[in-house]
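Structure first, commentary second.
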Amino acid sequence: MTQDNKTYELLEALLSTLEKGVIPATEAGVAAGNKIFGAALLRKSDLSTVLVETNNETENPLWHGEVHTLKRFYEMTGERPNSRDLIFLSTHEPCSMCLSAITWAGFDNFYYFFSHEDSRDAFSIPHDLKILKEVFTLEPGGYNKANAFWKGQSIHELISLLPEPQQTALRDRADAISRKYDGLSAAYQAGKSSNAIPLN
Ligand SMILES: [Zn+2]
């Protein structure tokens, strides 16, 4: 299989997981007052889904989509796959806490749909970039996306590298996913004044 075909298969699986797994779970999470962020784990071997989870900050402000997914992962009964054999999918570029959590849990990769700038500009959640600046003195994009622990990659950037017609096919699906998140974000923002999340 060529590299382009492998990338297409991976991206197709990531978008399917968002469409069929993460978004339905997020609709329930947002209805309960939680943020729109979600995550999933897929097996590298066959791209099957291991776990889907979403933000649960109404229970605990540390339960970001990614950390809540890891919590559930380590609560799995029966045979739990090795993190080295898994793909970490995040709806949004992980914050500093989640970058560290992914590192400590032993993952060597993550793929994200929306960027930190999207979280600030399109979703009115500026905290990721603000923490990176205030605590770590980092400008946007200032952390090391390919390092000794993992490589973090933007799904949109990977789509833009595909040949046609695959690129347009996946971009159309990505656009539809973005529109779904516009609606979820509007629902969260409309209700957030009444929640007790410290950084809402
Ligand atoms: Zn986070």
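None of the figures in this text is laboratory data; all of them are computed from the coordinates on show. Given the structure is predicted, the values throughout are model-derived calculations rather than measurements. No Cβ is skipped: glycine too gets one built from the backbone with ideal geometry, and neighbour counts run over all protein chains shown.
Determine the shape class of the chain: with a ≥ b ≥ c the square roots of the Cα gyration tensor eigenvalues, call it rounded for a/c under 1.5, and otherwise prolate if a/b is greater than b/c, oblate otherwise. Rounded is the answer for the chain, as its axis ratio a/c remains below 1.5.
By DSSP, the beta bridges lying fully in the chain are antiparallel in about 60 percent of cases. Overall, region 1-154 carries a charge dipole of about 300 debye about its Cα centre when +1 sits on the Cβ of Lys and Arg and -1 on the Cβ of Asp and Glu, all other atoms neutral. Database remark: amide H of Glu57 closer than 5 angstrom to the amide H of Lys35 (H placed geometrically; neighbours at sequence offset of 5 or more, or on other chains; Pro and chain starts carry no H). Here the Karplus relation 6.51 cos²θ - 1.76 cosθ + 1.60, evaluated at θ = phi - 60°, turns the backbone of region 155-169 into coupling constants of 4, 5, 5, 5, 4, 5, 8, 6, x, 7, x, 4, 4, 5, 4 Hz, with x for every Gly and Pro. Applying 1/(1 + (r/R0)^6) with r as the Cβ-Cβ distance of Ser16 and Ala186 and R0 = 22 angstrom yields a FRET efficiency of 0.35. Every helix of 4 or more DSSP H residues in the chain counts as -39500 (n - 2.57), and over all residues that averages to -14000 deg cm²/dmol at 222 nm. Along the axis of the charge dipole computed for region 42-200 (Cβ charges of +1 for Lys and Arg, -1 for Asp and Glu, origin at the Cα centre), the listed residues Trp104, Tyr188, Leu89 are led at the positive end by Trp104. When both region 3-26 and region 71-124 are represented by their alpha-carbon centers, they are found 15 Å apart. Report note on the peptides 106-113, 174-181: ranked by the mean count of other C-beta atoms within 10 Å, highest first, their order is 106-113, 174-181.
Which GluC sites (Glu not before Pro) does region 1-79 hold that lie in a coil by DSSP with at most 16 other beta carbons within 10 Å?
Values: sites: Glu9, Glu12, Glu19, Glu27, Glu53, Glu57, Glu59, Glu66, Glu75, Glu79; in loops: Glu57, Glu59, Glu79.
The qualifying sites are Glu59, Glu79.
When Rg and the Kirkwood radius Rh are both evaluated on Cα atoms of region 92-200, their ratio Rg/Rh stands at 1.00.
Taking amide H atoms as placed 1.01 Å from N in the peptide plane, the amide H of Asn109 lies under 5 Å from those of Phe88, Lys151, each 5 or more residues away in sequence or on another chain.
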